[in-house]
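Below: the structure, in structure tokens.
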Amino acid sequence: MNISLSKSRFVRVVAGIVVLCCTLVGCGGDSFDRVPLSGTVTFEGDASRSGFITATPATAGTGAPTATAVIENGKFSFPPNLGPVAGSYIFEVNLNVPDKLTPTSGDQSRPEDANETGATQVTYQKTLDVPAEGNSNFAIEVTSADQRVGGSALPPSGEI
């Protein structure tokens, strides 16, 4: 009988510690006022691209979160509990480069600045504002004139 009371007391102590930890750490989510954000990404008007997108606060030190979403056939959706907050963000759009040796679905064009010598993605950067109420039709148009990030450009010869 005494053993069963000890187990019961142990369970209550452990449950109390778990509740305390969740309260201190925030098991219910973070303190950010995230907004729903989903929409389309197009490259030179082509809405059939795939890849991923990362949204980083444009102003450092604000404490706003960075958010990432997958792009499938030109569509993206940030998970509700992991999306951005309202404000200015730098969006890095990482687009998969179609391989010209394999058939592609539809009329998917290859970015003119894609590096055929091994690059599988081209990354572009745009600064956009995330509205306070969020947006389910957020459109991001990327062109070859947009700023490229890292080594995602062609060699000086420009050949693809």
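Just so it is clear, none of the values below were taken in a lab; they were calculated from the coordinates. Keep in mind that this is a model prediction, so the values were computed, not measured. Note that each Cβ is placed from the backbone with ideal geometry, even for glycine, and that neighbours are counted across all protein chains shown.
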*Neighbourhood charge, 13 Å Cβ-Cβ cut-off, centred on E92 and excluding it, Lys, Arg +1 and Asp, Glu -1*: +1
*Could you give me the ³J(HN,Hα) list for the stretch 73-80, computed from phi with Karplus coefficients 6.51, -1.76, 1.60 and θ = phi - 60°, whole Hz, x at Gly and Pro?*
6, x, 10, 9, 7, 6, x, x
*Out of residues 5 or more away from L37 or on other chains, whose amide H comes under 5 Å of its own, with H placed 1.01 Å from N in the peptide plane?*
F78, N135
